[in-house]
Each structure stands twice: as structure tokens, then as C-alpha cells.
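K.L.:
Below is one structure. I have some questions about it.
The values are calculated or read from the model by the stated rules, or taken from the named source; none is laboratory data. This structure is a prediction, so every number in the text was calculated from the model and none was measured. When we count neighbours, we look across all protein chains shown, and the Cβ atoms used for this are built from the backbone with ideal geometry, even at glycine. Heavy atoms of the whole protein, side chains included, go into the accessibility calculation; ligands, DNA and RNA do not. Shrake-Rupley method; radii C 1.70, N 1.55, O 1.52, S 1.80 Å.
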Amino acid sequence: MQNKGYLHAEVESKVDTIKKKATVVYTITANDPYRIQKYESNMPHSALQRIADDTLRSNIRSNMLFDVDALEQERVRIASRFRQFGYYNFSKEFLTYEADSSLMSNKVDLKIGLHDDLKEASSDIKDLIFKRYSIQNVYFKVNPEYDLGFDTESASASDTLNYGGYKMLAAEENFLRLKTLIRNTQIVPNSQYSDFSVERTYSSLNSLPPVKYVNINFKEAGDSLLNCYIHLVPSKVVAFSTETEVTYTEGYWGLGASINTQHRNLFKGAEMLSLQGRMAIEKQETLWAQEWGGQASLLFPNFLIPFVPDHMKRRIRAKTEFTGSINYQLRPQEYTLMNIGGGLKYLWNFREFRHTLELLDLSYVYFPNITDYFKVTYLESGIYNKYNYENHLIMRIGYSAARSNYNPSRPLRNYSTLRFSLETAGNTLYGLASLLKWNKDEDGAYKISDIRFAQYAKGEITLTHHQIFDQNNRFVYRAGLGVGLPYGNADVIPYERRFFSGGANSVRGWSESTLGPGIYQKQTVRGRRDYNQTGDVKLDLNMEYRSKLFWLLEGALFFDAGNIWTIRDYEEQPGGKFKFDSFMGQIAFAYGLGLRADFSFFILRVDAGVKLYDPNLSRQERWRVKPNSNDFAIHFAIGYPF
């Protein structure tokens, strides 16, 4: 309590014992706290004075509590900022406060300055403390057995690589190329020392898949010069795992298994190759459905893009990933499906945002066979959207970004998270077809090898806000909006790129993908999923109160609202079109409660949702004041819904 400014707090304790157990009760009388009335700095060094006077970044404000933690954070901020300018020998311990609480009104006048020991030190000591250093050389050494004290004396010229002030010791024993290490090191020879560069180097090198541990230290190498020594401990290069799963879908039980392997240093440059094979079977009455597939990805720890200088690549810290996949499904009573995909994307962090650019994402969906029974019963009858079961090609480009102002050092401060994404598909192919004057089919669409390619644009944005009362209680709000538009060569957005509503992360009074679009009514037979419940516009509004209960358990009360709509009036989805004069009355409402188990590394969640307002029903029945069994939905999931 005193550390938080309650200097006159009183604490009494009482111990009650029953047999071999004791209960301790603390009674705390806070009394009035002390607050900071006036704050000033007095630094004999001009650069230090400017940093201390930076009110925008300062942790100390007038009328705030006389909080020891805030005072310590301010010392750390000033010292760290000062070290950014090359003052390697400066420490927060050289800063001290003078507090005057003699005002007799629970007010404190506060002044920060240099410690008396430093003020009274000799000129040689002061010169050393306030000396600015630059980096002379950067040395790397990779060794499975960590050795803090390595230096250059044990390395000869024959086994040392040298490039622009970067040196690799015992190069013939190392498993990472020098160029890879340089690209992920922000400490640059012939540049000024900076704590920020050291922190970013730790972060970059630790993110390399084959690196287990990194240690960085410095030694003086002459007047105002430092040598940097970076020791890296490698991790296991090859990893292998298997997974099994039991599934239950639409009344059918199934079994699946997958094999995964990773090579974390494929070309000696921290490239990570990931391979996955998967197979699954499902008993459908008297027949067995099958699924076979595989995925492969190759991740490079840098920007594989021409004409970008090395210093820019080092600053952005991007990754490049190539992906490929193949999936085969055999459903004997319905259809056979082949899905082949591949892509290229870049991932990087810049200015508090995590960015992803999918420069190319190619997906080819092919139906070698569709049974006559499935065509007549579900496609020609309109129960399922026939476009979802046509061969199609998607060639798209997408960009997404996410940002959070959450501060780990202040976990009880309110924070928000923003995510948004944009994608387009088919524009390049359409432009090429128009330029080369390809022939169109009877529907006015271009085709490649008799396959119609998709063309659309789609955007999505989600904002989440955490209102925190204390470590055990908080409100969380989410607002999400998504819009997609087919055009040019397509009348409908491909099924896998459309929006869904309902389920564990949406309007939880409905099961997954069972709400909307609009006031569309299900036409499918009982027990079958309705694949027409997709849309081009999505709205999600959620509010959730979360409270710690006991042990690992956490409770939640929630209220959800939302729906999906179609951009156009499709015959297979009557009542689903978005209209400004009617969409408000088609927003569904749900409420409920949840129970979560927090195991630190993952959250196990169960939510029970109840329909409050169902836009699909008649006006007299939409408000579910007396809900029945059809108005409940139970959801099991991993992680929070938002």
C-alpha cells in the first residue's frame, strides 16, 4: 500500500486456527493517499534533460498517486532512452528522486536528478559514464554447449569468415550462413551503440527456427569503441509428430490421422520446410467416405523480393512463405472432389502492425464425378447452391494487418485490437482474357480449360476492446463487418470465400453456419447441413463479461447480435438479399453463459447460447420470451471467441 502512495495505510492481521489449519484475515485501512503535486527534473547533461522533460512519454503526471512502480518505470525509460544515443555505461541506478512531503496536505513535490555519488565523482568517472560508444566488430559463434566467455583469441584467420565488420568464428563448424545472421542482426559495425538495436537483435535471432538460445555481450575495443559478441545455441533441426482425431458430422462417425514433419534449417539459412499428410474415413450408412491430402510449406526468414536493399530488409524483418496443398474427397453417394492449391505470401511487423501480404493464392476445385442422386435431390431441387459444386478456379491476392495496444507491463490497463483484410480475385486473368480477346461462353464468362474463374473483391474489419476492472473482472466488446462483391467473370463469390454466421465465435444462439442469410428459410432435409447459408455481407456485434471463479475456471455472460446477407437476389437463397430499409429488422440477438478452463497455454471453452430474437420467424414469434428446445445451442471450442 505504501508503494502505491498510501503512506499512512494500516494493516492488521488475525489468525484463526482449527486443528492443524490456520486462516489469516488481513484488515486494511488505506487512509488518504499521497499524490504528486509538482514534478521537475534537474540534469547537468543536456541530452538527459531533454529526455526527462519529454512529457509525452513520461510515466509521471501531476495529481497521480505517489506510486513507486511508476517512479521506477520512469527511471528505466530515461536511462534506456539515453542509451539509445550510444551512452553504453549509463544505468538507471545513476538516477534518483528527491521528494518533499512537508506540504501537510498529502501532496508531494518530486524532483529527479543524478545520484550524489555521480555528482561527486571524479572527472575521469564522469567522462566514462557520459562517453558515447560505436560498434567496431560483431562476432558470431555457434556452439551446442553455451560458453559466455568466447572471444577472438582462440580463432584463427583460416576458420573465421569476415564480411564488412561481421565475423563468424569457427565457421567450418557452424550450421547457419553468415549472411543469414547479418540479415537478422540490428547491431551494425561502425554505427552508434543502441539498446534498441540489441533488443531487436535478440528478437530477430531468437525467432529463427534452428536457434534455441542467444546471448549478446560487449567488450571495450579502444577509445569509444565496442566489440559485440553473439553466442547462439542451436535447437533440434528435425521434428516429427503424429495426430489422431475422432469426428462426428451430420450423424456420421469418422476417424482421421495425420503425420507432420519439419526441417528447421533446410538450406543452412534458417529455412523451415513443413510437410503434413492426412487421411480420414467416415462411415456413411453402408458406405465409407474417404479423404486424403497433404500440405507443404517452405518458410524463408527474409524478404525474397528483388530491388529491396539489405538495410530495408533488416529493418522490416519479413518472412517469405511458399505453400502447396492437395486434397481428395470421395463421398460414394454424392460426389468426388479434388482441390489443389498453392501460394506465396510475405509476413512482417512494422509500426506496431503485423502485416500479411498474400501475393498469390491459387486454388483449383475439380469435381470428377457427381452422382445422379445428388444432382436430382439437392442441386436441381435448389436445396444446395449448384454453383458450389461446379469446377472453379480462384487466383487471388490479399492483404491483412492487425494491431493491439496491449502493454504486458501494465496488464490491467484497457486495450483494443484492430484487424482488417482486403482481397481481390480474378482481375489479372480477366485483364489477360480481355487483352487476348478470348471467347466467352453462353453465360458471358471467360474460361480456362473449360473452367470458369472467380472474380470478386472482399473486405473485412474487426475491432475488439477490453474494459478491465481488475485482474478478475472485465468486459470485452467486439464489432465486425465484412463485405464481398462478385463482378466481371462471376455472379457468386466461391463458397469457401463467403461469410458464415452462428457458431462458437459469432451469434452463439445458433449452431455454426445456421443463421441467415437475411430471413432465408432452410430447405434441406432434416439432419443435413444447408450449404446455402452463406453470404456476402456479415455483421457481428458481441459483448461479454468475463470473471474469474476459482482454480482454473472462469465464467462468462454474453450478448450477441448479427447476421449475414447476400449482395444479389439469388434464386437458391430467397429472402437473403441485403436491403437498407429492412436489414435492421433481420439482425438476430442471442444471450447466454459460458464456462472456461484456463490452462495458461490454451483455453478450453463451453458456451450455452439462447436465441432472443429470431428474424426467420413470424413477427409474433420472433422475440423468444419463452424459448423452447430449438432455441438453444451448445458450443465447445478452444480459445476465447474474440
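K.L.:
Once neighbouring chains are kept in place and the probe is 1.4 Å, which whole percent of the accessible area of the chain is contributed by carbon and sulfur?
P.N.:
It is 55 percent, rounded to a whole number.
K.L.:
Set the Förster distance to 45 Å, then compute FRET efficiency between Ser325 and Ala30 from the Cβ-Cβ distance, nearest 0.05.
P.N.:
FRET efficiency, Ser325 to Ala30: 0.15.
K.L.:
Using alpha-carbon positions, what is the distance between the centroids of the range 600-638 and the range 175-211, in Å?
P.N.:
Distance between centres, Cα-based: 51 Å.
K.L.:
Simple spin-label model, 7 Å along Cα-to-Cβ: Ser511 to Arg50 in nm?
P.N.:
So the label points at Ser511 and Arg50 sit 6.6 nm apart.
K.L.:
Using a cut-off of under 12 Å, list every residue of the range 195-211 whose amide N is near the label point 7 Å from the Cα of Phe218 along the Cα-to-beta-carbon line.
P.N.:
Backbone N within reach: 195-199.
K.L.:
Residue farthest toward the positive end of the dipole of the chain, with Cβ of Lys/Arg at +1 and Asp/Glu at -1: which of Ala170, Pro309, Leu357?
P.N.:
Looking along the dipole axis, the top candidate is Leu357.
K.L.:
On to the next question. Mind checking which of Val15, Ser400, Phe469 is farthest towards the positive end of the chain's charge dipole, using Cβ charges of +1 (Lys, Arg) and -1 (Asp, Glu) about the Cα centre?
P.N.:
Toward the positive end, the furthest listed residue is Phe469.
K.L.:
Quick one: net charge of Asp441's neighbours, Cβ under 15 Å, K/R +1, D/E -1?
P.N.:
Net of charged neighbours comes to -1.
K.L.:
Only four residue types carry charge here, +1 at the Cβ of Lys and Arg and -1 at the Cβ of Asp and Glu. Report the dipole size of the range 330-421 about the Cα centre in Debye, rounded to the nearest 20. Kindly include the intermediate steps, with their values, before the conclusion.
P.N.:
Working: 11 positive and 7 negative charges, 152 e Å.
That gives a dipole near 740 debye.
K.L.:
Distance from the Cα centre of the range 77-144 to that of the range 30-50, in angstrom?
P.N.:
16 Å
K.L.:
Using Cα atoms only, what is the angle between the long axis of helix 195-206 and the major principal axis of the chain, expressed in degrees (0 to 90) to the nearest 10?
P.N.:
Long axis of 195-206 versus the principal axis of the chain: about 40 degrees.
K.L.:
Which FRET efficiency, nearest 0.05, do Thr244 and Asp631 yield, Cβ-Cβ r, R0 35 Å?
P.N.:
0.50
K.L.:
Now a separate question. The list (i) 231; (ii) 267; (iii) 169 gives values of volume of the Cα convex hull per residue in Å³, and only one came from this structure; which label was calculated from it?
P.N.:
Here the calculated entry is (ii).
K.L.:
Could you compute the net charge surrounding His465? Neighbours are other residues with a C-beta less than 15 Å from the C-beta of His465; K and R count +1, D and E count -1.
P.N.:
Surrounding charge for His465 is +4.
K.L.:
Among the trypsin sites (Lys or Arg not before Pro) within the range 589-642, which fall in a DSSP loop and have no more than 15 other Cβ atoms within 10 Å of their own Cβ?
P.N.:
Working: sites: Arg596, Arg605, Lys611, Arg619, Arg622, Arg624; in loops: Arg619, Arg622, Arg624.
In loop regions of the range 589-642 (DSSP not H, G, I, E or B), the sparsely surrounded trypsin sites (Lys or Arg not before Pro) are Arg619.
K.L.:
If Lys and Arg each add +1 and Asp and Glu each add -1, what is the summed charge of the other residues whose beta carbon sits under 15 Å from the beta carbon of Leu344?
P.N.:
-2
K.L.:
How many nm is it between the label spots at Asp443 and Asn63, if each spot is 7 Å from the Cα in line with the beta carbon?
P.N.:
6.6 nm
K.L.:
Could you check the spin-label model distance between Tyr97 and Ser13? Points 7 Å from the Cα along Cα→Cβ, value in nm.
P.N.:
2.6 nm
K.L.:
Loop-only check: which GluC sites (Glu not before Pro) in the range 41-127 are DSSP coil with at most 15 other Cβ within 10 angstrom?
P.N.:
Glu120
K.L.:
So, in Å, what gap is there between the alpha-carbon centers of the range 235-298 and the range 311-329?
P.N.:
20 Å
K.L.:
Next up: Please determine, in degrees from 0 to 90 and to the nearest 10, the orientation of helix 68-83 with respect to the longest principal axis defined by the Cα atoms of the chain, where the helix direction is its Cα long axis.
P.N.:
Long axis of 68-83 versus the principal axis of the chain: about 80 degrees.
K.L.:
Compute the Cα gyration tensor for the range 19-90, then decide on rounded, prolate or oblate, letting a ≥ b ≥ c be the square roots of its eigenvalues: rounded whenever a/c is under 1.5, prolate when a/b is larger than b/c in the other cases, and oblate in all that remain.
P.N.:
It is oblate, given that a/c is not under 1.5 and a/b is not larger than b/c.
K.L.:
Can you list the trypsin sites (Lys or Arg not before Pro) in the range 417-520 that are in a DSSP coil and have 12 or fewer other beta carbons within 10 angstrom?
P.N.:
Values: sites: Arg419, Lys437, Lys440, Lys447, Arg452, Lys458, Arg474, Arg478, Arg497, Arg498, Arg508; in loops: Lys437, Lys440, Arg498, Arg508.
Within the range 417-520, the qualifying trypsin sites (Lys or Arg not before Pro) (loop, at most 12 other Cβ atoms within 10 Å) are Lys437, Lys440.
K.L.:
Still on this structure, please answer the following. Accessible area per residue, 1.4 Å probe, Å², for the range 455-555: what's the number?
P.N.:
I get 42 Å² per residue for this part.
K.L.:
Highest mean first, what order results for 362-371, 486-495 on Cβ atoms within 10 Å?
P.N.:
Highest to lowest by the protection proxy: 486-495, 362-371.
K.L.:
Hey, another quick one. Among DSSP beta bridges whose residues both lie in the chain, state the antiparallel percentage, nearest 5. Kindly include the intermediate steps, with their values, before the conclusion.
P.N.:
On the way: 202 of 222 bridges.
Here the share of antiparallel DSSP bridges comes out near 90 percent.
K.L.:
Calculate, for Asp124 and Met104, the FRET efficiency according to 1/(1 + (r/R0)^6) with r their C-beta to C-beta distance and R0 35 Å; round to the nearest 0.05.
P.N.:
E(calc), rounded to 0.05, equals 0.20.
K.L.:
Moving on. Roughly how big is the range 476-572's charge dipole about its Cα centre, with Cβ charges of +1 (Lys, Arg) and -1 (Asp, Glu), in debye to the nearest 20?
P.N.:
300 debye
K.L.:
Report the full-extension gain for the segment Ile603 to Trp253: residue separation times 0.36 nm, less the Cα-Cα distance, to one decimal in nm.
P.N.:
Values: separation 350, 0.36 × 350 = 126.00 nm, distance 2.59 nm.
Net length gain for the segment: 123.4 nm.
K.L.:
Taking the Cα centre of the range 275-352 as origin, sum charge times position over the Cβ atoms of Lys and Arg (+1) and Asp and Glu (-1), and report the length of that vector in debye to the nearest 20.
P.N.:
Details: 10 positive and 7 negative charges, 123 e Å.
In total the dipole reaches around 600 debye.
K.L.:
Okay, helix-only estimate at 222 nm for the chain: each DSSP H run of n ≥ 4 adds -39500 (n - 2.57), divide by all residues, round to 500 deg cm²/dmol; what do you get?
P.N.:
After summing the helix terms and dividing by residue count, I get -3000 deg cm²/dmol.
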